[in-house]
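Remarks on the structure that follows.
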Amino acid sequence: MRPMKKEGADQRAEERVSAAWPVDLGAATGVTRDVSASGMFFETDATYALGNEIRFAVELDTPGGKLMLRCRGSIVRLEPRENRVGVAVKITESQLEAPRSLSDLSRTNS
């Protein structure tokens, strides 16, 4: 991840970082391009409409292991790209979760 330069009359309130993380959109997938505390931009093959609510999950690799960031937000910008679409989302709700593993389940059942 690296901070991105702000150019021109940027309306973002939070600093963005460039990141390529997998995005689970339910029936489709995508890849993040930049992320901030209040929003995310990702590319996908799926079709979306401006202003719609969206739910998605991002898989994060951390030094402590994998985490899932589950988000809800609204689509604020769409950018047609070659065979994909760029989707900018303002995050309205998020929750960080550790994925449950078999070893976690066996410890809680003993």
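The ranking of Lys90, Lys66 by Cβ neighbour count inside 10 Å, starting from the fewest, reads Lys66, Lys90.
Amide H to amide H distances under 5 Å link Arg16 with Met4, where only residues 5 or more positions off or on other chains count and H is placed in the peptide plane.
Backbone amide hydrogens, once placed in the peptide plane, bring Val23 within less than 5 Å of Gly30, Val31, Thr32, excluding anything fewer than 5 places away on its chain.
Per the Debye formula on identical point scatterers at the alpha carbon atoms of region 22-99, with no solvent, log10 I(q)/I(0) at q = 0.22, 0.27 Å⁻¹ is -0.99, -1.42.
Read-outs throughout are calculated quantities, based only on the coordinates presented, and are distinct from any laboratory measurement. All figures in this text were calculated on a predicted structure; none of them were measured in a lab. No Cβ is skipped: glycine too gets one built from the backbone with ideal geometry, and neighbour counts run over all protein chains shown.
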